[in-house]
Amino acid sequence: MVNKPTEMASTEENLDPIAISEEQFNRASYYVKGLKRGLVEFLKKPKRVNIVNFPVEMDDDSVQSFQGFRVQHNRVFGPSKGGIRYHPDVTMEDVISLAKLMTWKCALVNIPFGGAKGGLVCDTKKLSEKELRRITRRYTSELFDELGPQQDIPAPDLYTNEQTMAWIFDTYDILHPGFNNRPVVTGKPIEMGGSFGRYEATGNGCLFATQRFLSKALIPDHQDVAGMRVAIQGFGDVGAVAANAFHRQGAKIIAVSDSKGGIYSETGLNPEEAERFKAEQGTVVGMADTMTITNEELLELECDILLPAALGNQIHAGNATNIKASLVVEGANNPTTPLADRILQGRGIHVLPDILVNAGGVTVSYYEWVQNQVNEQWDYDTTTEKMRAKIHAAMDTVFNRWQAFMVGEESTHDHMPDFRTIALVIAIERVAHATLLRGIWP
Ligand code: NAD
């Protein structure tokens, strides 16, 4: 399944996605003062879980049944927001845990959205474009009024893209004529009301979060990414854009990978060349002047920054002791298990958490939604600079709170919380506070 680790994982680790998100929540809620027990239960659970099953006619005239999920975790700050992933192994449990993550992510970067996530069980590599379009339309129509510009707003995620978002918009628009439906989905093609800078947002955000963190001088000899050796797992929307963004700032990209394997170059590779090669060959594996490595080997490379940008649970109890990077930057959602977090912290390796590092995507999605309300289109620099400011502000908030724990202004209860825990503390406090400010109905 999507969030299952590689074969190297420890069999003793509980990798159930719900259990993992509860563990992370429990670690954080320990530091949140005055959180009422009932409120804790409310924040842990999704508001609404939708499961849809539907038939689709395939190109060969056969009929295949598909299952999809859409989970809305929280709407305290506004409509729920979150990507839709297409993957053969995606489960409802994955989608619930990812929807929760979106709530904390939006709260951390101060965006007026709650969290949601969607999943559709299918293997896009085995489907034609026409089949994908029919599946997407039917999934959207099954969800019908569960989605909406003021209700729940999807975006791309694993194996979905701008084209998928255009089909979702079109289907929703046909079912809801007479309204401005553009804000129903983000990550659309530019000519359909998409935002400049959205495609690059998550990868760029990874760079901005890393740069801001390095400026705090916690990593000896590295206050900027220039010259740092970076290994990136996953070479899709997030990984490939991040590789280019880091490369442009003078970082050395020593390894990248995709589902078919990885490539390594001691002297550093050119991400643009890797993109061209992947576009032609369907994989980065085999690119000239590189050595082929496995995804597992990539994670354990001698490097300064390890940037997972593919699936969940890639850094786990089975390999955390072998990670050699001094900094882990989570481009993917949930790439590190709770046990691995403890191991890495014990080894002095900082992990910049997903809800901070990859929040650039949802931030520019929010800007797309804002632009769509008034049918305006801002330029690339405007959206990117606004997003940079949001990521920097969130990083500063997390770092300042971390320092408050370090100098004893806040009690560590004998265990110093890591950056993930602190980011979650801030997000949970904000959502809990807003819930009480609104007043619990009735
Ligand atoms: P994508 O589908 O564009 O790319 C995924 C990449 O991962 C591809 O290169 C694929 O080959 C690779 N991959 C798949 N299975 C793999 C495996 N077993 N080992 C190594 N690589 C593998 O997806 P994306 O949008 O880049 O998303 C990547 C991650 O980032 C996901 O965890 C997603 O939830 C997260 N994320 C994405 C966004 C966004 O805006 N796209 C925002 C926030 C978080």
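Using r as the Cβ-Cβ distance of residue 62 and residue 389, and R0 as 56 Å, what FRET efficiency do you calculate, to the nearest 0.05?
Values: r = 51 Å, r/R0 = 0.92.
After rounding to 0.05, the efficiency reads 0.60.
By other beta-carbon atoms within 10 Å, ranking 94, 341, 379 with the fewest at the front produces 379, 341, 94. Across the range 200-356 the C-alpha pair distances fall into 5 Å bins from zero in the proportions 2, 10, 21, 25, 21, 14, 5, 1, 0 percent. Given the pairs 130/188; 117/260; 44/130, which span a C-alpha to C-alpha distance of over 30 angstrom in this model? The answer is 44/130. Other residues lying with their Cβ under 13 Å from the Cβ of residue 363 contribute a combined charge of +3, Lys and Arg counting +1, Asp and Glu -1. Where in the range 76-106 is the amide nitrogen less than 11 Å from a point lying 7 Å along the Cα-to-Cβ axis of residue 437? Taking a point 7 Å out along Cα→Cβ of residue 437, the residues of the range 76-106 whose backbone N falls under 11 Å are 77.
Extension gain for residue 259-residue 175 works out to 26.6 nm (0.36 nm per residue, less the C-alpha to C-alpha distance).
Here the range 238-285 and the range 309-366 have alpha carbon centers that stand 19 Å from each other.
Each peptide among 306-315, 80-89 gets the average number of other Cβ atoms lying within 10 Å of its residues, and from highest to lowest they stand as 306-315, 80-89.
What net charge is computed for the residues neighbouring residue 385, neighbours being all others with C-beta under 15 Å from the C-beta of residue 385, Lys and Arg scored +1, Asp and Glu -1? Cβ neighbours under 15 Å give a net charge of +2.
The alpha carbon centroids of the range 56-114 and the range 413-442 are separated by 23 Å. Taking amide H atoms as placed 1.01 Å from N in the peptide plane, the amide H of residue 114 lies under 5 Å from those of 77, 78, 80, 81, each 5 or more residues away in sequence or on another chain.
When 102, 228, 416 are ordered from fewest to most other Cβ atoms inside 10 Å of their Cβ, what list results?
Details: 102 27, 228 24, 416 12.
Final ranking by Cβ density, sparse to dense: 416, 228, 102.
Along the range 167-174 the Karplus relation, 6.51 cos²θ - 1.76 cosθ + 1.60 evaluated at θ = phi - 60°, assigns HN-Hα couplings of 5, 5, 4, 4, 5, 4, 5, 5 Hz to successive residues, with x for each Gly and Pro. Karplus-based coupling profile of the range 224-237, in residue order and whole Hz: 8, 6, 3, x, 6, 8, 10, 10, 10, 9, x, 10, x, 3, with θ = phi - 60° in 6.51 cos²θ - 1.76 cosθ + 1.60 and x standing for Gly or Pro. Near residue 134: Cβ cut-off under 15 Å, other residues only, Lys/Arg at +1 and Asp/Glu at -1. The net charge is -3.
Could you tell me which GluC sites (Glu not before Pro) in the range 333-396 are loop residues by DSSP with no more than 15 other beta carbons within 10 angstrom of their beta carbon? Each step should come with its number before you reach the end.
Working: sites: 368, 376, 385; in loops: 376.
Sites meeting the loop and neighbour criteria: 376.
Phi angles across the range 97-114 convert, under the Karplus curve 6.51 cos²θ - 1.76 cosθ + 1.60 with θ = phi - 60°, into 3J(HN,Hα) values of 5, 6, 5, 4, 4, 5, 4, 5, 4, 4, 5, 5, 9, 6, 10, x, 10, x Hz, Gly and Pro given as x.
Checking every one of the GluC sites (Glu not before Pro) in the range 46-130 against DSSP loop status and a limit of 12 other Cβ atoms within 10 Å picks out no site at all.
Read-outs: derived from the displayed coordinates by stated rules, not from any lab. Being a predicted model, the structure only gives us computed values, none of them experimental. All Cβ positions, glycine included, derive from the backbone under ideal geometry; neighbour counts span all protein chains shown.
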